[in-house]
Number of protein chains: 2
Amino acid sequence: MPDQPICENSYTKNLPQCAANYCALTPLTFLARAAAIYPEKEAIIYEERRISYLQFFQRCCQLANAITAAGIKPGDTVAVMLPNIPEMLEAHYGVPITGAVLNTINTRLDPNTITHILNHGEAKLLITDREFSDVMAEAVKRLDRSIIVIDIDDPLASTGDLIGSQTYEAFIGNQPTDYAWQPPEDEWQAISLNYTSGTTGNPKGVVYHHRGAYEAAMGNALAFNMNADSVYLWTLPMFHCNGWTFTWALSAVCGTHICLRRFDPERVIELIRQHKVTHMCGAPIILNAIVHVEQGEQPPFSPVVEVAVGGAAPPSAVIASMEKMGFHVTHLYGLTETYGPATICAWNRQWDALSPDEQAKKNARQGVVLPMMAGLRVVDSITGEELPADGESIGEILLRGNAVMSGYLKNPQATEEALRDGWFHTGDLGVLHPDGYMEVKDRAKDIIISGGENISSLEVEEALFRHPAILEAAVVAKPSEKWGETPCAFVTLKTTAEPISEQEIIAWCREQLAHFKVPRHILFEPLPKTSTGKVQKTLLREKALQLASE
Amino acid sequence: MPDQPICENSYTKNLPQCAANYCALTPLTFLARAAAIYPEKEAIIYEERRISYLQFFQRCCQLANAITAAGIKPGDTVAVMLPNIPEMLEAHYGVPITGAVLNTINTRLDPNTITHILNHGEAKLLITDREFSDVMAEAVKRLDRSIIVIDIDDPLASTGDLIGSQTYEAFIGNQPTDYAWQPPEDEWQAISLNYTSGTTGNPKGVVYHHRGAYEAAMGNALAFNMNADSVYLWTLPMFHCNGWTFTWALSAVCGTHICLRRFDPERVIELIRQHKVTHMCGAPIILNAIVHVEQGEQPPFSPVVEVAVGGAAPPSAVIASMEKMGFHVTHLYGLTETYGPATICAWNRQWDALSPDEQAKKNARQGVVLPMMAGLRVVDSITGEELPADGESIGEILLRGNAVMSGYLKNPQATEEALRDGWFHTGDLGVLHPDGYMEVKDRAKDIIISGGENISSLEVEEALFRHPAILEAAVVAKPSEKWGETPCAFVTLKTTAEPISEQEIIAWCREQLAHFKVPRHILFEPLPKTSTGKVQKTLLREKALQLASE
């Protein structure tokens, strides 16, 4: 990089950007291209429905015309409350191509939070699925203003009334099937609005820009080895970071989406075999469910299914079981603020020679930045100093790159706090291994400090997961007079498991962990979860606190 | 696309670009990432040499430090005259990371043209290979100023003296192996300078920007299905559009380069088998040479070798022969002005059911835009009106997108002419087929107009190529009093072919072509070629003119 700035020279004169050599980056143009190349190819398969790329494109044009006719203007917000159905994919193109911003709402939220989101995001139009009518009717009723509501009346929705002014099909049905499909004037323009799941307090509205969405989609498609023969199964909710941008990436490679209204592990396995699925994504909880399906004697999937796993680190045991079924598991890490995946545990051929256990250990790390990201650091949370890559020094994970949000909507203070000093501060804790691979150790607030030593709750959970009787486990800090904090574990057992005592589990942990890391208490009870399936450790911490004061 | 501009709203306030969420796009950072992920992995194989990604990166740092120490400043030009050797790859990173601009010179040029390029590009430093000493000594002598000359003293160069002040190894050897590896401040900054081959007149200096180089590299890697297991054989000269940006794309996927000092079809086949090559690129002339290697009874390559073919349309017969050998041929089209490939003949699964001949016909077209390009049109050269996609209406091919040059260096008139009206005017003629696929018909100046009908010289050449005795063919216009112009063919025969008469070839053409397209004259003689292997039709036209006046 230049020490000196570039002076005026032959390269800085008469070589301007113009419409021939500069186009705003946006993932929306991928779809127009796909429809032009493969008009008859299947873009979307949803149970009995087959939607070609031309039909997909035309329906997006109809949606764009319909929302424009409804008075939606560039910069307005359009909210959707939808499962992983074709109309959700249509919204990802038909809404932002008009200059409006797509706000996908987490379908597991309560009316109060949804009202907050609709108010805060200032949504002017809402597209909602019949399945969520009860919650949405309540959320809309609580709004202090009127909003256009359009119903998806999908015959496959098992319940719910129509609560809007018209159905989606009536809304778009009479609209022209063409639209002036052009990139935005400015690639920094907002394309979507995603609220964080927020384990505490009101969720924040993360704003995505077109440039980042394009870069994330291209980077994910490349890292995930996708092409026109790719068949992507929607086990990851599309409302979650716009489906980690795969809603758009599939159009870049002209692959096929397999929609899935609700996650059902047995149905997932059927669909994989039926459509020869090549790719899917999911949180560890999804993988865990798939692993526990009773399949009988079945050959492994062919072709192998590439699975990207995000969220908290899945236990090595789950990864190993997946591989046996015919999945190839790649570990990703990211946050809503980074359009989903920002790092990947890129496979190293030197690991081919390792034992399966050692391989699983390497592969359970969160790895290195994806090609569209510019940097990753692990720093001391207090001093901000870079920590050594020793696999032990725990610090905050910082990220930078073009696939980082433009900021939090109407929250300049939180934006500045998160993006200060040229880095996005994830609030997650991790270590750098000597090979440069990052491993997430914990959320900052989930770390347990016992006798001055840091204990990663994830590490203790890993040990618990390896126990053959344990289905789920979560570990939090319990206040202790002597140690400051000690680990306290909440577990659920597999239905097939023999009864097991607290002492037996503690003894198991002593074999696996340094003694100061071993939980002092094991509680057998279901784990409370957020709408995206994250364990609500805040609630567990309250229980542990109660336990400590008893 | 918004009819109305975006008004001030919540999305336009307090969500600025900053170092955390905006980084200048550049392909240079791919290398730093590859070296961090796979330090020990083979980045470059060159005969007996093996260069790991860490070594590759460190040598690029040394080069960057060396040219900075030599007084090269951001915005200065560094010229290189190099074959496809590791140092050429190093120049693609070590030069532009300093803010300087890399000017790769076509190794087949004459001293006069090279002097023109060094003068026009204002190169301040030149790295040259011993093999080209004679030409370069002459070119440098004719310069009206002094220039730092560094020699590559490769033991595998068969001839040539050292003509510079020091060798490359001495130049970089004592420099530190680290460098502040950062993107440029502005992604529109120039990264490289590529002179057009210019069949007539002085070549023009095409300026590439970092943004376009990043987009082209990512788009090509994705379209070409590359990943960390990719092994790329350098049959395409790296001086040609920076090796169609694969010099950078390989780092994006962390694949392996196989260098090759000089093209030798037999060696190519050996290297493919030895290193399990997965990808290569080349002009049709390269493919033609490979097809004619006497291999004996050999099984097809495994894995299949993906070959991207650019330049003029290769004859269907050549494509068919390649596929039998274990190549999978993909047809690309582009120009120096578009960083190489801008369009690709994307395979359509519906073609799987066609006969091999029909498949070859589909696949010999130049297709559709790559994902990083924004548009392609075929327009009437005079009125500028869009022509129907009927497979017959011939017009000029226009392109737009982020992988279009910023312009011609110090030539604002030519820049404006080429990039006018928001499109890059290629000067090539083509048709759009009803399926939206483009087919190049000819260079504007190569079209033959006979009795008011357009005849594509390429179409006539295709017919000639299908004749089993013909090795090479070129068709130009011969002036005719009656018809205006008539086609005149120049051919060379295969060494193994039986003698054949002009009349026999004309009879063959009559079976293949409409009668007005059949050449009236067939001349048996070697074809004159430019330094990039393009047939010099200008010279053939002069011969045809002479013939007409005899």
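The values are calculated or read from the model by the stated rules, or taken from the named source; none is laboratory data. Keep in mind that what you see is a predicted model, and the values were worked out from it rather than measured. Because the Cβ atoms are built from the backbone with ideal geometry, glycine has one as well, and the counts that use them run over all protein chains shown.
Some observations on this one:
- Sole residue being out of contact with any helix residue (DSSP H, G or I) (no Cβ under 7 Å at 6 or more places or on another chain) and either at negative phi or away from chain B (no Cβ under 14 Å) (or both), chosen from A:Gln62, A:Gln58: A:Gln58
- Residues of the stretch B:150-172 that are outside any loop (DSSP other than H, G, I, E, B) and out of contact with any Ser or Thr (no Cβ under 9 Å at 6 or more places or on another chain): B:Gln166, B:Thr167, B:Tyr168, B:Glu169, B:Ala170, B:Ile172.
- Residues of the stretch A:26-48 that are of a type outside the set (D, E, K, R) and more than 7 Å from chain B (Cβ to nearest Cβ): A:Thr26, A:Pro27, A:Leu28, A:Leu31, A:Ala32, A:Ala34, A:Ala35, A:Pro39, A:Ala43, A:Ile44, A:Ile45, A:Tyr46.
- Residue identified as under 23 Å from the mean Cα position of the chain (by Cα), modelled with pLDDT of 85 or more, surrounded by 16 or more Cβ atoms within 10 Å (Cβ to Cβ) and among the aliphatic types (A, V, I, L, M) among A:Val460, A:Val476, A:Val431: A:Val431
- For the stretch A:76-93, a tally of residues being closer than 23 Å to A:Ala139 by Cβ and either within 12 Å of chain B (Cβ to nearest Cβ) or not hydrophobic (A, V, I, L, M, F, W, C) (or both) returns 7.
- The stretch B:202-253: number of residues that are small (Gly, Ala, Ser), more than 18 Å from B:Ala342 (Cβ to Cβ) and more than 10 Å from chain A (Cβ to nearest Cβ): 1
- Counting only residues that are assigned to a strand (DSSP E or B) and in contact (Cβ under 8 Å) with a residue 60 or more places away in the chain, the stretch B:444-489 holds 12 of them.
- Restricting the stretch B:254-282 to residues that are within 14 Å of another protein chain (Cβ to nearest Cβ) and in contact with a strand residue (DSSP E or B) (Cβ under 7 Å, 6 or more places away or on another chain), the residue that is surrounded by the fewest Cβ atoms within 10 Å (Cβ to Cβ): B:Lys276
- Filtered by the rule that a residue be within 14 Å of chain B (Cβ to nearest Cβ), crowded, with 18+ Cβ neighbours inside 10 Å and either among the aliphatic types (A, V, I, L, M) or part of a loop (DSSP other than H, G, I, E, B) (or both), the stretch A:380-410 gives A:Ile397, A:Leu398, A:Leu399, A:Asn402, A:Ala403, A:Val404, A:Met405, A:Ser406, A:Leu409, A:Lys410.
- Leading residue by the ranking (nearest to A:Thr338 (Cα to Cα)) among those in the stretch B:14-25 that are within 7 Å of another protein chain (Cβ to nearest Cβ) and touching a Pro at 6+ places or on another chain (Cβ under 6 Å): B:Cys23
- Among the residues making up the stretch A:283-310, those that are surrounded by fewer than 18 Cβ atoms within 10 Å (Cβ to Cβ) and either in contact with a His (Cβ under 8 Å, 6 or more places away or on another chain) or β-branched (Val, Ile, Thr) (or both) are A:Val293, A:Val304.
- Any hit, the stretch B:160-168, residues being surrounded by 22 or more Cβ atoms within 10 Å (Cβ to Cβ) and either at pLDDT 95 or above or closer than 22 Å to B:Asn65 by Cα (or both): yes
- Annotation: of all residues in the stretch A:479-513 being acidic (Asp, Glu) and at pLDDT 90 or above, the one that is nearest to A:Leu545 (Cα to Cα) is A:Glu502.
- Among residues of the stretch B:95-120 being buried (at least 21 other Cβ atoms within 10 Å of the Cβ) and more than 27 Å from B:Ser158 (Cα to Cα), the one that is farthest from the other protein chains (Cβ to nearest Cβ) is B:Pro96.
- Within the stretch A:343-364, the set of residues being within 12 Å of chain B (Cβ to nearest Cβ) and either free of Cβ contacts under 8 Å to residues at least 12 places away in the same chain or under 26 Å from A:Cys241 (Cβ atoms) (or both) comprises A:Thr343, A:Ile344, A:Cys345, A:Ala346, A:Trp347, A:Arg349, A:Gln350, A:Asp352.
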